[in-house]
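Readers should treat all values here as calculations from the given coordinates under stated rules, not as data from a laboratory. This structure is a prediction, so every number in the text was calculated from the model and none was measured. Neighbour counts run over all protein chains shown; Cβ positions are idealised from the backbone, glycine included.
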Amino acid sequence: MNKLKSTFSYTVLVIAAIVSMFPFLWMIVSSTNKSVDVTQGRMMPGSHFMQNLHNLLDTVDLVPALINSTKISVITTILAMLIASLAGYGFEIYKSKSKDFVFNILLVSMMIPFAALMVPLFRMFATISQSLPFIGIDTIAAVLLPTVTTAYLIFFFRQSTKMFPKEILEAGRIDGLSELGCFFRIYLPTMKTTYAAAAIITFMASWNSYLWPLVVLQSPENQTIPLLISNLGSSYSPDFGMIMTAIVIATLPAAIIFFIMQKHFVAGMMGSVK
Amino acid sequence: MITAKENHTQALQKVNSGRKTRLKNNVIGWSFVIIAAVMIFLFYFYPMVQALILSFQTGVGANLTFTGIDNYTRLFKDPTFLTTVKNTVIYLIIQVPVMILLALFLSVLLNNKTLKFKGFFRTAIFLPCVTSLVAYSVIFKYLFGQDGIINMMLMKISLISEPIQWLTDPFWAKIAIIIAITWRWTGYNMIFYLSALQNVDESIYEAARIDGASPIQQFFKITIPMLKPIILFTSITSTIGTLQLFDEVMNITKGGPGNATMTISQYIYNLSFKYTPDFGYAATVSYAIVIMIVIFSIIQFKAAGDNNE
C-alpha cells in the first residue's frame, strides 16, 4: 500500500515537473535552432543561437528596450521601497485611530482593477502632457507614477514592522537621533530581508508589466521588453528561432534573480497572509 | 496654599508639554505616511471618481457630453460586452477551481516528509511564475499553433488523428487560454498551501488514519477545512486576477476567433485605444468589472463562512 502510494506521488510529481518545465526547455532549445527546425518540432539543441541573436539585433531595437525596461524597473523599485516602507513604518510606529482609518481606506485600492483605472489615468496624463510634457504621455515618469505606490507593499511593510523591536528606537532617540534618523539608521538596516523580499516582487512586477506601458508608451524608441516581445509575437511570418532568443533574453534576468533570491521572493508573496 | 498652586501649575505644564509631544508625534507620524496616502488617492481613488463621471458621458475622444444612464442601458444591449462577460465568467468558473484543486493536490503530495527531491519538484512547479505574462503567452501561442509541438506530440501518441484548431476554434481557443493560465499560476498558489500545510499538526492525520479514513477522505475532510482561510485568500486573488485578464488573451489569440476569447479588460482597451475612442462607454464597462469583483468576493466570503457552521 505504502509503496503504491509513493509510486503514485512520484509519478504525479514527475509529470507536473515535466509539464512545468517543458515550455522553458522548448524556449531555450528553440532559441538555438533555425526557424524551419523549430516548426518541424526539433527538440535538440542546435548551433544557431548567435545567428538568431544577430537577426534579432538587426530586426528590432533590443538594446534600447532593455535599457528602458531596466531604467523603469530600477527607479520603480527604489521609489516603491522608500514610499511603502516609510508608510508601513509610520502606520505601525505612530499608530493612531485616524491613521488606522486611512490605512483601511488605502487597502480598498487593492480591489480596484487596473482596467478600470486605465482610461481616466490615460486622460489625466494626456492633460498633464500639455503643460508638463516631461511627465506626460510617452515618458518614463508616466509609466511609473501610477504604479509605484501599492497598498499591497504598504501592508507588507506594516506587517513586517509588527515584528520589529521598538525598544531600539527608544535607545536611538536617547542617543539623539531624529525620528527620520531612527528610520534610516536603525529601522532600514535591521529590516534588510524585508526590503529584499519587497524589492524582488516589485522589480519582477515592473519588469513584466504590459498593459499600462502599452497604453502610455507610444513611440517605438520608448518601448519596453514586454512590448517588444508582444510586437514580435504578433508578426505574420514569425522567425521562431529569433523570437525565442528574444524571450530567453527577456526572461533570463528575472529567472537569475529568482534563483538567487528564491527565499525572499516567497517571503514577499507570503507577506500578505502572515 | 502656595505649594498647591505650584503643583497645579506644574501639572498644567506637564499636561501641556504632553499634549505638545503628542501633537508633535502625530505630525511626524502623518508625515511618514503622507506621500503614500497622497499617491494612492491621486492614482487610484481620484481616477475611480473620474471614471464614474465619465461613465455618464458620451462622445468621441475629448468631446464629451452628459447622457445620463444611456451608457448603462447600452451595456445590456451590447452583444460584444455580453460575450466578453460570458467569456470572463467561463474562465473564472472553470479555471479557478481546477487550478486551486490541482495546487492543493500537489501541495499535499509535496508535504510528505519521506518524499525525496522535494526541493527539485517544488522549484520546478514554481518555475512558471518567473516568466512574464507576455513572454509565456507568446510561447504558448506557438506551442498551441496548428502545426505546433503540442498537436505534433498528441498526433504522435495517436491521441488525435488530425490537428486540433487550438487558436482558431472558439471552443478550443478558450481551452488553450485556460490551460495557459493554469500552467502559469498553479505553482504560485501551491506555495501558499505548502506553507500553510507545514503548520497543520501531523497528529490529526494520524488520528484520522487510525479511524480508517482513506487519503481522499483525509484530503476533503481535514486538509481542505484546515486550509480554508488560505484557500479563500487565494481564490479571491485569483478571481480578481481572472476578472482583469488581459495579457494572455491579447498575446495568444488577440481575442479571436471573432470575439470568442475576448475578456472585459480587452474590450475596455479596444473601446479606448483601438476603435474610435469612446472613453465614456469604456468607463461604464470598467465599472462592470468593479461590480463583478465585489459580487464574486462577497459570494466567496459567504461560501467560506457558511461551511463554518
Fill in the blank from the handout: In degrees, nearest 10, the alpha-carbon axis of helix A:2-30 is tilted away from the dominant principal axis of the alpha carbons of chain A by 80
Fill in the blank from the handout: Links exceeding 29 Å between C-alpha atoms in this model, out of A:Lys263/B:Lys156; A:Lys34/B:Lys156; A:Lys5/B:Lys221, come to A:Lys263/B:Lys156
Exercise for the section: Give me the aspartates and glutamates in straight-line cross-link reach of B:Lys86: C-alpha distance below 14 Å, same-chain residues under 8 apart excluded. Expected result: B:Asp78
Practice task
Please work out the Cα center distance from the range B:242-305 to the range A:52-111, rounded to the nearest Å.
Solution key: 24
Completion exercise
Calculated from DSSP helices alone, with each H run of at least 4 adding -39500 (n - 2.57) and the total divided by the residues of chain A, [θ]222 nm to the nearest 500 comes to -22500 deg cm²/dmol
Handout entry: Candidate lysines for bridging to A:Lys95, where Cα separation is under 25 Å - those fewer than 8 sequence places away on the same chain excluded
Key = A:Lys162, A:Lys166, A:Lys192, A:Lys274, B:Lys14, B:Lys20, B:Lys24
Practice task
First measure r as the distance between the Cβ atoms of A:Thr59 and B:Ala208, then evaluate 1/(1 + (r/R0)^6) with R0 = 60 Å and state the FRET efficiency to the nearest 0.05.
Solution key: 0.50
Handout entry: Lys, Arg +1 and Asp, Glu -1 on Cβ, resulting dipole of chain B about Cα centre, debye, nearest 20
Key = 980
Exercise for the section: State to the nearest 20 debye the size of the charge dipole of chain A about its Cα centre, where the only charges are +1 on K and R beta carbons and -1 on D and E beta carbons. Expected result: 980
Exercise for the section: Output the direction-averaged projected area (hull surface divided by four) of the convex hull of the alpha-carbon atoms of the range A:104-205, in nm². Expected result: 8.9
Practice task
Based solely on C-alpha atoms, express the radius of gyration and the Dmax of chain A in angstrom.
Solution key: 23.2, 74
Exercise for the section: Please report, in Å, the Rg and the Dmax of the protein assembly as shown, where both are computed over Cα atoms only. Expected result: 26.7, 108
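Listing B:Leu75, B:Leu167 from the residue with the fewest other Cβ atoms within 10 Å to the one with the most, what is the order?
Taking fewest neighbouring Cβ atoms as first place, the list is B:Leu75, B:Leu167.
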Completion exercise
When A:Thr193, A:Thr77, B:Thr83 are ranked with the fewest other C-beta atoms within 10 Å first, the list becomes A:Thr193, B:Thr83, A:Thr77
Handout entry: Farthest toward positive dipole pole in the protein assembly as shown [+1 Lys/Arg, -1 Asp/Glu at C-beta], among A:Pro146, A:Val248, A:Met191
Key = A:Met191
Exercise for the section: Have a look at A:Thr194, A:Thr76, A:Thr127 and tell me which one the Gaussian network model of chain A (Cα, springs below 10 Å) gives the largest fluctuation. Expected result: A:Thr127
Practice task
Using Cα centres only, tell me the gap between the range B:123-163 and the range A:167-244 in whole Å.
Solution key: 29
Completion exercise
Listed with the fewest Cβ neighbours within 10 Å leading, B:Val134, B:Val98, A:Val36 appear as A:Val36, B:Val98, B:Val134
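Counting residues in the range B:200-243 as N, plug N into 2.2 N^0.38 Å and put the Cα Rg over that result.
So the Cα radius of gyration is 1.49 times the expected 2.2 N^0.38 Å.
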Exercise for the section: Compute the Rg/Rh shape ratio of the range B:85-149: radius of gyration over Kirkwood radius, all on alpha-carbon atoms. Expected result: 1.08
Handout entry: Most positive-pole-ward Cα, A:Leu66, B:Thr239, A:Ile93, against dipole of the protein assembly as shown from beta carbon charges
Key = A:Ile93
Problem - Loop-located trypsin sites (Lys or Arg not before Pro) in the range A:18-102, at most 16 other Cβ atoms within 10 Å (DSSP) - result: A:Arg42, A:Lys95
Problem - For the protein assembly as shown, size of Cβ-based charge dipole, Lys and Arg +1, Asp and Glu -1, in debye - result: 1480
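May I ask you to give the average projected area over all directions of the convex hull of the Cα atoms of the range B:73-308, in nm² rounded to one decimal?
Projected over every direction and averaged, the Cα hull of the range B:73-308 covers 15.9 nm².
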Problem - Stokes-Einstein diffusion coefficient of the range A:142-274, Kirkwood radius over Cα pairs, 4 °C, 1.567 mPa s, in µm²/s - result: 73
Exercise for the section: Pick out the long, greasy-scoring helices in chain B: whole DSSP H runs spanning 20 Å or more along their own axis by Cα, mean Kyte-Doolittle at least -0.5. Expected result: B:2-40, B:79-110, B:170-197, B:228-243, B:279-308
